[in-house]
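What follows is a set of notes on a single structure, which appears directly below.
Rule-based calculations on the coordinates, nothing more; no lab input. Model, not experiment: these values are computed from the prediction. Don't worry about glycine lacking a Cβ; one is built from the backbone with ideal geometry, like all the others, and counts go over all protein chains shown.
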Amino acid sequence: MRSHLPASIPLIGCGGISTGQDALDYAKAGASTVQLYTGFGYDGVGACRRIKDQLGELLVKEGKSWEEVVRDAVDKLSWKEEDVNVTVSKMIEEAKELNVMLDKLAQRL
């Protein structure tokens with residue numbers, strides 16, 4: 001999602017977060033925050049503290065804060081205005097390919 005949105009739109013990572021590494025992976029993918037739901041349901045009230053503690057240890061090892069990890073990912077991965085021409089060109093190319101496929105399908109029918 002991050003590559004399809006400008007940096008000004010925050011993302012909330014959710015789904016499959018049961019460890020600190022899971023949360024950090026979402027941050028590295030450009031999520032500004034994460035939501036715990038299923039892991040909390042399976043592991044109970046201690047899950048939040050355990051994940052926070054694991055995440056804290058991982059961030060210390062990386063030498064970065066949550067905000068720094070997110071900012072780096074957002075800066076690197078976000079859609080940028082100059083990507084518009086590349087995206088439009090690619091869409092035109094894909095539309096032409098789709099048109100050829102549809103023509104072939106129409107001939108078969």
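Things worth noting here:
- The chain, dipole about Cα centre (Lys/Arg Cβ +1, Asp/Glu Cβ -1), debye to the nearest 20: 220 debye
- Size-normalised alpha-carbon gyration radius of segment 1-59, reference 2.2 N^0.38 Å: 1.15
- Contour minus Cα-Cα distance for residue 64 and residue 95 (0.36 nm per residue): 6.9 nm
- Cross-link reach list, lysines versus residue 80, counting only Cα pairs under 19 Å and skipping chain neighbours closer than eight places: 28, 90
- Using R0 = 35 Å, the C-beta based FRET efficiency linking residue 102 and residue 4 works out to 0.90.
- Evaluated over the Cα positions of the chain, the convex hull gives a direction-averaged projected area, one quarter of its surface, of 10.3 nm².
- Where labels lie 7 Å past Cα in the beta-carbon direction, separation of residue 45 and residue 28 in nm: 3.3 nm
- Likely footprinting exposure, 102, 109, 36, 55, fewest C-beta neighbours within 10 Å first: 109, 102, 36, 55
- With a Förster radius of 41 Å applied to the C-beta separation of residue 76 and residue 38, the computed FRET efficiency comes to 0.90.
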